[in-house]
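Trainee: Below is the structure I would like to discuss, written out as structure tokens.
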Amino acid sequence: MISNFYKEDGTVVLDPLRYVNNWLLKHPKGEIHLGCDSKVKRGYVKYSVAICMREIGRGVHEIFGTRNTPKPKDRYSRLWEEVNLAVQVAHKFDTIPSPIFIHVDLNKDPNYFSNSLYEASLGFIKSMGYNALAKPDAWAASSGAHSHCQ
């Protein structure tokens, strides 16, 4: 699990649930999009989760958290951990009055390795009650979270 979240300027967000709820009070038509991505480093993997608060026509405000873990034995395990981590973080926001969209950095094109997790991941996310988005529509993962795990 990711324990600390930050604003873009590095300020710690002590209570992400309260932070998102306060944002939604100011932006009642806002949407919550959550994405996860990872990057293999020397002997470990850096995972990043971005919580993107989006108001259509006005842009996105984002907080993010990262975590480093030992490198898993294979790519499949690493990608599946991205999905699990996104769902774990989303569970912390189950009480908010807005639907949650989980973005996964997986490709529906069978020519890409990540496609091997595509159907299972989207099914898992939907079975947990969340909206699921994958490439090319998964901007919270492929842009938001991606920028924080590099």
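Trainee: Within region 54-98, which residues are part of a strand (DSSP E or B), modelled with pLDDT under 95 and in contact with an Asp or Glu (Cβ under 8 Å, 6 or more places away or on another chain)?
Mentor: Answer for region 54-98, where residues must be part of a strand (DSSP E or B), modelled with pLDDT under 95 and in contact with an Asp or Glu (Cβ under 8 Å, 6 or more places away or on another chain): just GLU55.
Trainee: Anything in region 6-59 that is over 13 Å from the mean Cα position of the chain (by Cα), under 21 Å from LEU106 (Cβ atoms) and of a type in the set (A, V, I, L, M, F, W, C)? List them, or say none.
Mentor: VAL40, VAL45 - these are the residues of region 6-59 that are over 13 Å from the mean Cα position of the chain (by Cα), under 21 Å from LEU106 (Cβ atoms) and of a type in the set (A, V, I, L, M, F, W, C).
Trainee: Which one of these does TYR19 not meet: (1) within 30 Å of TYR112 (Cα to Cα); (2) in a helix (DSSP H, G or I); (3) of a type in the set (Ser, Thr, Tyr)?
Mentor: Unmet condition: (1).
Trainee: Follow-up question, since we're still on this one. Say whether the condition of being over 21 Å from MET1 (Cβ atoms) and of a type in the set (S, T, N, Q) is met by at least one residue in region 63-82.
Mentor: Scanning region 63-82, I find no residue that is over 21 Å from MET1 (Cβ atoms) and of a type in the set (S, T, N, Q), so the answer is no.
Trainee: So in region 51-96, with the set limited to residues that are among the polar types (S, T, N, Q) and touching a helix residue (DSSP H, G or I) at 6+ places or on another chain (Cβ under 8 Å), which one is surrounded by the fewest Cβ atoms within 10 Å (Cβ to Cβ)? Before the answer, list the steps.
Mentor: Taking region 51-96 and keeping what is among the polar types (S, T, N, Q), we get 66, 68-69, 77, 84, 88, 95.
Keeping just the survivors that are touching a helix residue (DSSP H, G or I) at 6+ places or on another chain (Cβ under 8 Å) gives 66, 69, 95.
Values: THR66: 18, THR69: 13, THR95: 7.
By that ranking, first place goes to THR95.
Trainee: What's the total number of residues in region 39-53 that are of a type in the set (S, T, N, Q) and not in a strand (DSSP E or B)? Walk me through it before giving the result.
Mentor: Quick first cut of region 39-53, residues of a type in the set (S, T, N, Q) only: 48.
Those still in the list that are not in a strand (DSSP E or B) too: none.
Residues in region 39-53 being of a type in the set (S, T, N, Q) and not in a strand (DSSP E or B): 0 in total.
Trainee: What are the pairs with Cβ atoms under 8 angstrom where one residue, in region 72-88, is touching a residue at least 24 places away in the same chain (Cβ under 8 Å) and closer than 21 Å to ALA140 by Cα and the other, located anywhere, is surrounded by 16 or more Cβ atoms within 10 Å (Cβ to Cβ) and basic (Lys, Arg)? Sequence gap at least six, or different chains.
Mentor: Taking only residues 6 or more apart or on different chains, the pairs are LEU85/ARG67.
Trainee: In region 130-146, how many residues are farther than 17 Å from LYS39 by Cβ and touching a residue at least 24 places away in the same chain (Cβ under 8 Å)? Explain how you work it out, then say what you get.
Mentor: Quick first cut of region 130-146, residues farther than 17 Å from LYS39 by Cβ only: 130-134, 136-137, 139.
Right, trim to touching a residue at least 24 places away in the same chain (Cβ under 8 Å) and you get 130-134, 137, 139.
Number of matching residues: 7.
Trainee: State all residues of region 95-145 that are among the acidic types (Asp, Glu) and either farther than 25 Å from TYR19 by Cβ or out of contact with any Lys or Arg (no Cβ under 8 Å at 6 or more places or on another chain) (or both); if no residue qualifies, say none. Don't jump to the end; show me each part of the working.
Mentor: Here is the first cut: in region 95-145, the residues among the acidic types (Asp, Glu) are 105, 109, 119, 137.
Passing the criteria: ASP109, GLU119, ASP137.
The values are calculated or read from the model by the stated rules, or taken from the named source; none is laboratory data. A quick note: this is a predicted structure, and the numbers were derived from the prediction, not measured. When we count neighbours, we look across all protein chains shown, and the Cβ atoms used for this are built from the backbone with ideal geometry, even at glycine.
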